[in-house]
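Just below is one structure, and these are the notes that go with it.
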Amino acid sequence: MQLPAPLSRHNPCQHKNDFGHVLILAGSARMLGAAALTCQAAMRAGAGLVTLGIPKELNLAAQKKISPVIMTLPLAQTKEQTLSVNAYFALKKELHRYAVIALGPGLSQNPSTQRLILKIVASFDIPLVIDADALNAIARRSIILKKQTNVKILTPHPGEMRRLVRKPISNNAAERKHIAENFARQHSCIVVLKGHRTVIASNKKSYVNTTGNAGMATAGSGDVLTGMIASFLAQKIDAFTATKYAVFLHGKAGDLAAKEKGKAPMTAVDILEKIPDAIKNLDK
């Protein structure tokens, strides 16, 4: 694979706004780690700017947990300190600032939060990377994926894919590929069916990834991937290519981490810290 041009940074006249502003809607009272991993991965993958939309009472805690290079956007919250559906209009007002939205990691299944997710997916017209609790929201109303013609990239693990298609997902490679391709075609989206040999499928083409290892089956690994996909999209890489490279480099970062740490002790932070090496090695 050859590194996409925006990641090579050959033009010395470019500035941070040329590399996109990612808005990440993630985290809740018990899941700030998911938000932190997603945001830091987006920055490590080259986004020019990253903002975390967070329940307002968690803002200070989030600022202490995430990197100082990441901004926060305090938003309306529920009593359980999750994002409230009342945050919708504040987000809509700010929408012009962002190149892409990643939503889902650690958001919770609070009913108000789930309604917010559905309103965003149904009405926002910028690229969306949809993961975790956002997938759980749309599993009950997947028809909303066709409300807008914007880029939508879904990143389910097999359990989330099972809820989306409402049938079991086997480990058979051909069946996994068929299910991902069929869902992508029916819902005009890109599907990243995670697992051994992750499948990336659009309504026109598909790719089966070859990097990664069993040590990446660890909490937060998917949050890192979500941040990377959003980052590459923000850098104006076309959606399928952005997704393919994010999955490949995420797996490569995991392989580098496993080589250094071993598979069993590896954490999502180890994967995150190897993103620069994975990109640098591909650039060579």
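Laboratory data are not the source of any read-out in this text; all were calculated from the coordinates shown. This structure is a prediction, so every number in the text was calculated from the model and none was measured. We place every Cβ from the backbone using ideal geometry, glycine too, and count neighbours over all the protein chains shown.
Taking every DSSP beta bridge that has both residues in the chain, what percent is antiparallel when rounded to the nearest 5? Before the final figure, lay out the partial values.
On the way: 7 of 29 bridges.
Of all bridge pairs located within the chain, approximately 25 percent are antiparallel.
Where both residues lie in region 43-149, what percent of DSSP beta bridges are antiparallel, nearest 5? Walk me through the intermediate numbers first.
Numbers: 1 of 9 bridges.
Here the antiparallel bridges make up roughly 10 percent for region 43-149.
Within a Cβ distance under 10 Å of ALA102, other residues only, what is the Lys/Arg minus Asp/Glu net charge? Display every interim value, and only then the final one.
Details: positive: none; negative: ASP131, ASP223.
Combined, the nearby Lys, Arg, Asp and Glu give -2.
Please arrange LEU233, LEU95 by counting, for each residue, the other beta carbons lying within 10 Å of its beta carbon, fewest first.
Ascending number of Cβ neighbours within 10 Å: LEU95, LEU233.
Just grab the label-to-label distance for ALA61 and ARG97, each label 7 Å out from Cα along the Cβ direction, in nm (one decimal).
In this crude label model, ALA61 to ARG97 measures out at 2.3 nm.
For the chain, with the dipole built from +1 on Lys and Arg beta-carbon atoms and -1 on Asp and Glu ones, taken about the Cα centre, which of GLN186, ASN59, THR155 lies farthest toward the positive end?
The Cα lying farthest towards the positive end belongs to GLN186.
Could you work out [θ]222 nm for the chain from helices alone, using -39500 (n - 2.57) per DSSP H run of at least four and dividing by all its residues? Round to the nearest 500 deg cm²/dmol. Please list the in-between numbers first.
On the way: 12 runs with 127 residues, N = 284.
When only DSSP H runs of four or more count, the value is -13500 deg cm²/dmol.
Which one of TYR98, VAL129, SER202 is farthest out on the positive end of the charge dipole of the chain, using unit charges on Cβ (Lys, Arg +1; Asp, Glu -1) and the Cα centre as origin?
Working it through, the farthest residue towards the positive pole turns out to be SER202.
Among rounded, prolate and oblate, which fits region 128-281 when a ≥ b ≥ c are the square roots of the eigenvalues of its C-alpha gyration tensor, a/c under 1.5 means rounded, and a/b larger than b/c means prolate? Display every interim value, and only then the final one.
On the way: a/c = 1.85, a/b = 1.48, b/c = 1.25.
It comes out prolate by the Cα gyration axes.
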